[in-house]
Amino acid sequence: MKYLFLFTISPVQSFISQARKTHDLFSGSEILSQLIRDALKDLLNESSGNPQNIIFPCVRQILSEKRSSLPNRFIIQTDEFPEVLGERLIKTIQRQWIRMVEQTFASQKSSISLDTWEELKTQVVDYFSCRWVAVRCESMEYKDAYQKLVALLISQKYARSFTAQSQSGGRNCSVCGERVFFFYPEKKMDERWVEQGKKYGAIAMKQGSFDDDEALCGVCFTKRHYQKREEAFSSTAGVALMEVLQQLNSPQHAPDHEKFRQSFEDFDAQLYFEENLTRSYLKKHSVKKKVSLSKINERRKRLLERLEMKEFPKHYALVRFDGDNMGQWLSCEDLPSHSSCYEFHKAFSEKLFDFARKCQEEIEPPVGKTIYAGGDDYLGLFCLHQLFPTLWDLKDWFDALVGRPLQKMFDLSASPTFSCGVVIAHYKQPLSDVVQWTKMMEKSAKEIQHSFFKVSTAKNALALAVMKHSGEMHQALLSWRLIMEFPDHSDSKDINPLQLLFTALADQEFSDKFIHRLDQAISPLMDKKGHVLYEYEKLEAIVAVELKRLLRRAYNIPIDKSLDIDHKEERVNQLHGAIMHVLGQTNGWNLLQTLHLVNFLARLVRREKVGGVA
């Protein structure tokens with residue numbers, strides 16, 4: 001008998017996103033991918049594990065020598081009885097998960113008594129839930145079998161099993177907040193919780209990867225210390241500094257840079273920032289003897305002078321995207337009748353792997369760092385200097401490697417798309433908050449309001465937010481079509497309306513006063529929800545005239561380089577065209593939010609430059 005078999009593991013989103021450090025995010029993704037890889041390799045090692053029977057993900061993704069992320073589910077065709085296969089795969093994942101936990105504990109030299117281990121089991125052993133469904137498919141079309149398979153999985157999710165867990169009373173984990181802590185820093189923990197933890201065997205650890213007064217459960221401790229390498233995953237401060245660090249590591253600046261770093265026994269990227277060079281913070285990082293605080297500040301100032309900067313960058317971006325309508329695409333409802341659903345699934349998994357591999361290869365410092373790239377979904381940290389061109393690259397790669405090839409191969413009426421959420425945050429912003437906001441922005445991009453746009457659009461959008469250190473937020477929602485249809489007036493292939501505006505403001509070619517004055521001029525014409533109180537065509541005409549006047553006044557002609565009036569008018573027209581292009585597809589409120597958001601990013605760059613004006 002032949003079966004179509006689907007296997008899935010959960011939780012995914014909560015396991016990855018519950019994080020206080022970037023390593024928590026990275027290791028959560030790594031652990032899930034490795035568990036699925038172990039299950040699939042176990043499948044391939046069996047006699048029934050013909051690589052041709054694996055439909056999703058593609059075999060190349062499973063066997064890739066380079067680190068590659070894997071989705072939390074897979075689909076295969078098999079002759080093995082589903083009950084036997086499912087039970088074997090569940091045991092494989094449970095066995096590998098326990099091995100990871102034990103290896104992590106051993107690597108941290110934590111001796112665990114039998115009683116403590118029994119308590120820990122309630123948190124760790126049954127943490128992951130595995131489900132499988134299967135359909136006999138020898139007598140039905142592949143498409144029908146797949147749709148029935150998905151329906152079975154959905155019904156199974158609605159009938160979730162519940163296992164009661166008893167836990168000792170006490171303080172909950174600092175990361176997830178769901179389970180009681182079992183590991184804590186031996187010298188930096190409130191005595192009340194230490195005494196409480198000792199009752200059920202909580203273990204004191206050296207400070208290491210713990211923050212002050214931070215306590216971790218068994219699951220989060222495993223994530224924090226999983227495969228800890230010397231070249232640790234960049235912190236949020238490290239991501240914000242990626243481009244600067246590349247310059248500092250160049251032969252020209254390396255000696256001064258190394259002298260600054262050698263001032264400390266235990267160095268981290270936050271020590272580049274003046275606000276952290278305090279005696280209490282320096283005590284934590286073991287300043288070398290004979291190196292005074294004034295000497296450290298002098299060395300830091302020397303680095304800034306060599307780079308011709310006023311301050312080191314403090315903001316970074318977390319980027320998350322997901323394929324649109326993936327369930328509908330995989331159901332093959334929109335596939336032409338002459339195309340094979342089975343072949344479409346095989347091709348889809350291959351193309352998604354090509355895209356995921358491209359992301360991992362290209363998103364490297366100083367551009368950013370990939371946390372997870374499973375195919376149709378992605379999570380990564382980005383340096384701000386190349387944010388807009390890189391976002392456009394992601395969209396371009398998806399279209400070139402997934403969308404257009406599939407459309408051509410299977411004669412599709414449309415091509416797959418993705419929606420993206422981006423959050424820009426200060427390096428001290430709690431990472432868990434940034435992760436949650438990124439998830440909300442991705443959801444906003446997928447639940448796109450048609451009132452925001454005058455063009456027909458469904459998902460296929462980009463949602464951006466800025467979390468200011470003061471707590472203020474700016475949000476903007478843009479259709480990818482807005483960028484794709486922008487007329488290119490430059491020799492650069494990476495130009496788009498956002499990048500054009502960002503460059504003009506960051507280089508101080510234009511004063512940002514035109515944004516504030518435009519806001520004052522058109523905000524009274526809209527209600528609090530951004531709806532225009534008068535005819536929209538009149539608002540667009542008002543903006544067109546007023547914007548041109550404001551841009552001419554905002555244009556900054558350098559005193560020592562007087563440019564001719566034709567050049568000024570050309571630049572004014574370019575920026576005017578970019579802003580009107582945005583307004584041509586969205587509403588006035590969203591336009592103002594976009595302008596303020598881009599201006600904030602440009603202002604960050606201006607602050608860093610010597611002679612720049614914030």
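The values are calculated or read from the model by the stated rules, or taken from the named source; none is laboratory data. Just so you know, these numbers come straight off a predicted model, no measurement behind them. For neighbour counting, all protein chains shown are included, and Cβ atoms are generated from backbone atoms with ideal geometry for every residue, glycine included. Remember, those area values only see protein heavy atoms, side chains included, never the ligands or the DNA or RNA. Shrake-Rupley method; radii C 1.70, N 1.55, O 1.52, S 1.80 Å.
Close amide H contacts of HIS474 (hydrogens built in the peptide plane, cut-off under 5 Å, sequence separation of 5 or more or a different chain): VAL466, LYS468.
Between SER523 and SER14, how high is the FRET efficiency from 1/(1 + (r/R0)^6) when r is the Cβ-Cβ distance and R₀ = 41 Å? Nearest 0.05.
On the way: r = 39 Å, r/R0 = 0.96.
Efficiency for this residue pair is about 0.55.
In this label model, ARG279 and ASP411 are separated by 8.0 nm, measuring between points 7 Å along each Cα→Cβ vector.
Computed from the Cβ-Cβ distance with R0 of 35 Å, the FRET efficiency linking GLU546 to LYS443 stands at 0.55. Counting protein heavy atoms only, the chain has 49 percent of its accessible area on carbon and sulfur, 1.4 angstrom probe. For the residues GLU305, GLU442, a 1.4 Å probe over the protein chains yields an accessible-area ranking, largest first, of GLU305, GLU442. Cα gyration tensor of segment 1-150, axes a ≥ b ≥ c as square roots of the eigenvalues: rounded (a/c below 1.5), prolate (a/b > b/c) or oblate? Cα axes put segment 1-150 in the prolate bin.
Loop-located chymotrypsin sites (Phe, Trp or Tyr not before Pro) across segment 288-358 with a Cβ neighbour count of 12 or fewer within 10 Å are lacking, with loop assigned by DSSP.
Peptide packing for 414-426, 125-137 was compared via the average number of neighbouring C-beta atoms within 10 Å per residue; ordered from the highest value, the list is 414-426, 125-137. What the Cβ-Cβ distance of SER250 and ALA151 gives, at R0 = 60 Å and to the nearest 0.05, is a FRET efficiency of 0.55.
Using a probe of 1.4 angstrom and keeping all protein chains present, the accessible surface of the chain works out to 46 square angstrom per residue. Output needed: percent of Cα pairs per 10 Å distance bin for the chain, bins running from 0 to the one holding the longest distance. Result returned by the calculation: 3, 14, 22, 23, 19, 13, 5, 1, 0. Secondary-structure-derived ellipticity at 222 nm for the chain, considering helices only, amounts to -15000 deg cm²/dmol, per-run term -39500 (n - 2.57) for DSSP H runs with n ≥ 4.
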